[in-house]
1. Would you confirm, using the coordinates I've provided, whether residue 178 is touching a helix residue (DSSP H, G or I) at 6+ places or on another chain (Cβ under 9 Å) and in a helix (DSSP H, G or I)?
2. What do you reckon, is residue 183 touching a helix residue (DSSP H, G or I) at 6+ places or on another chain (Cβ under 7 Å), over 27 Å from residue 42 (Cβ atoms) and at pLDDT 85 or above?
3. Could you pull out the residue among 32, 43 that is within 24 Å of residue 167 (Cα to Cα), out of contact with any helix residue (DSSP H, G or I) (no Cβ under 6 Å at 6 or more places or on another chain) and at pLDDT 65 or above?
């Protein structure tokens, strides 16, 4: 532009040369001021990009925090399931029912956590795309620093856009933390409710078991008493039978003794009978 101006000044009178020289002096001053302004805007854009990078780092840290919270929720769920398994080993029916309920609760919590992670990842990817876009715009500004008078307007627009992104990021972070806290609170409440339900059912089952044991003991005692009574009656019959047998035995012994006596008497009569017979035969 200064070359064209100098070419036009050659056709003018000599008295206009100082004026042309003054205009030529203003051109470098304006170009230098423009360069300084562009450099200042360039530095501001670099600062904004660095700020966005820090925000991306914070978002990644928050993403890792959410993953850690999800793992802690998973560990707490596993511990709670282990606790339920130990408390209800002798009640397999209830243990299976509660295990299914807690598995469903754990699946719902994990699904909610995955949705939060997906939302966070989507926002992180969007922020990463915006950072790449800003870096591309920065490279474009660097290559065309001279003569770009719209850089200031672009910088203002980017500042407003960055502010909007910061507000959206803060809102999303707050909502995600609230959702995570609500999910954690709901899980702990449901865990406590399930534990109370387990204790209540365990108490009822213990009472039922005690009642059944008491009834079984009474029935067993009654059966034992009945058996004892029957055994005593059977023993009484056996004793009576033994007594009769002993009396019959004593009777048989007396009869045998009597027969022995008769036999001895007959043995004593045989010699006498023989002598009487001989006496009767001899004249």
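1. Details: touching a helix residue (DSSP H, G or I) at 6+ places or on another chain (Cβ under 9 Å): no; in a helix (DSSP H, G or I): yes.
No; evaluated as a whole, the condition is false for this residue.
2. Values: touching a helix residue (DSSP H, G or I) at 6+ places or on another chain (Cβ under 7 Å): yes; over 27 Å from residue 42 (Cβ atoms): yes; at pLDDT 85 or above: yes.
In short, yes.
3. Details: 32 fails: within 24 Å of residue 167 (Cα to Cα).
After applying the criteria, what remains is 43.
The values are calculated or read from the model by the stated rules, or taken from the named source; none is laboratory data. Keep in mind that what you see is a predicted model, and the values were worked out from it rather than measured. Neighbour counts are summed over all protein chains in view; Cβ atoms, including those assigned to glycine, are modelled from backbone coordinates with ideal geometry.
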